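A short reminder: the numbers here are calculations on the coordinates, not readings from a lab. Just so it is clear, the structure is predicted and the values come from calculations on it, not from any experiment. Because the Cβ atoms are built from the backbone with ideal geometry, glycine has one as well, and the counts that use them run over all protein chains shown.
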């Protein structure tokens, strides 16, 4: 049995996460692709199980016999422990049940990423977790080459002999952590970005992890190469220069592989939306790099993304874009040694970097104003808010980064990825208005820009998680508050930041999860308080800028419309509405005068009233009586419709099948002349 590997791939397809030495000062060599047509009858494997040497009964054989220190590190990683523990988790069992798999470790899709497989009794079976051979290549054809020093020792081996030994090892399938950092790191993203549509849509499998290459490889670091021949047992750390190269390539790979994942989407499903979210996030991380240091290849990668239509069913264009990004990433690795990239050290350290001009899905970068802007908008591209800080009217209150009534939280917001177990709820959310609540801001709708501008924020600022708007319209991830927000009102917006309780047993019970940041939505007062944060607006400055008050919001009615849970913890309508009335009663809506919005500049240089669209008008909340809110004058500036003239015409002469065409045309001409006379007479 043989494993199919496309010839277009320049690195072997191997299992999740490279357990490899991406170490200090290690020179890199090209990795050779494995043979084609391996295991052509198996959809489950990526490595030829007939070439695997690791033993289920003793996984120390063969690699750990010589690489003893590396083996000791591996045994403690999730790559190793997953073999005996992963399939026992409740999440894994739920995924297996939904997919119709009897077990995770025999002839299933799970073998591709979570295990190292060998053929037993005619079928592939797991013999270890993600092992040395998963990342360094199935060892049968190269193990006796890579350790053959001939008549020499490690100390006396000539350079020519070593070069030939390495070349032959690579040719026979060894994946060396020296040579092509991009290719080795790509092994990680082939599994940490899960390119399996059914596995996510049906099985409820996470669409991948929030994977940052430097941090992840630090957690599995096993750089003991020189320790094999000395008394030094140091697990060498990577140099700052090496980390910088790894960081940039890792972010580029995240972007590329998220795009490759979307290319496999056949419909706008949970899977497609998850990949779109990953693309947006990865794109923003690349923009942070480019904001700090001018890297031509990263600039070009972003420009490729700007020109690409990120939509399911667009496979050809998406794959072409990803292939171009691959070439650019390799070019970057060839041209840089990391010594000139010290400006990105704050990013590597986990610090947030503010971008001056965040934009939506396919943005124009601030370093290249000529790049195509693919921002989706509900207004013509030529229509922009034309205003200046001096021309803005004076509003009450100060510009705030968050509503005064919002409580501070000490817990970490992880994002919707962490809630992927709840597959039915995710399907509901993807179709609900909460999912798209950030879109008017990201797409710079006319109404959103007007309100933000009058409030004191630029269109760029209103998209960020550290300014007023996205407290309600989006979900800002912890540590990325100054970045552009891509998620609407998501799970953690209502259930509380999931950094502590997500993935634990505590989140299955409100009482247990409360101490870890989970909100007691089983209590009417807590649910009412949570909804009132965004559906009852009392900030004077925001209201004066034209933001709806939320007046008329009925909690019990909205609660029924967003129901995505069972009725075991149902709260009565009266309890919800009573609790909501108490909240809004303690925080009354102030009386304010809504200011005149700025004019819009059109393509011909003229200006027109900044009148809201019909959809925006319909969605606006009514003013709360008896308070007085002066609406913008532009709303009454629309001229009244012209009166329609009233008159009658005689009946059209009767015609039959025998009436000629010429006669019909003459009758029509006479009819039009009569109609013209009537109109002119009125």
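Things to note:
- Efficiency of FRET between residue 409 and residue 61 - r from beta-carbon atoms, R0 51 angstrom, step 0.05: 0.55
- Taking 108, 340 and counting other C-beta atoms within 10 Å, the order from fewest to most: 340, 108
- Each of 220, 166 was scored by other Cβ atoms within 10 Å of its Cβ. Listed from fewest to most, they are 166, 220.
- Share of alpha-carbon pairs per 5 Å distance bin for region 240-375, given as whole %: 2, 11, 21, 23, 20, 13, 7, 2, 0
- Stokes-Einstein translational diffusion, region 36-161 - Kirkwood Rh over all Cα pairs, 1.306 mPa s, 10 °C, in µm²/s: 99
- Relative to one another, the C-alpha centroids of region 142-209 and region 445-493 are positioned 43 Å apart.
- Listed peptides 472-484, 46-58 by packing density, highest first (mean Cβ within 10 Å): 472-484, 46-58
- Counting beta carbons within 10 Å around each of 194, 594 and listing the fewest first gives the order 594, 194.
- When the alpha carbon coordinates of region 174-306 are projected onto the principal axes, the ranges are 57, 38, 23 Å, largest first.
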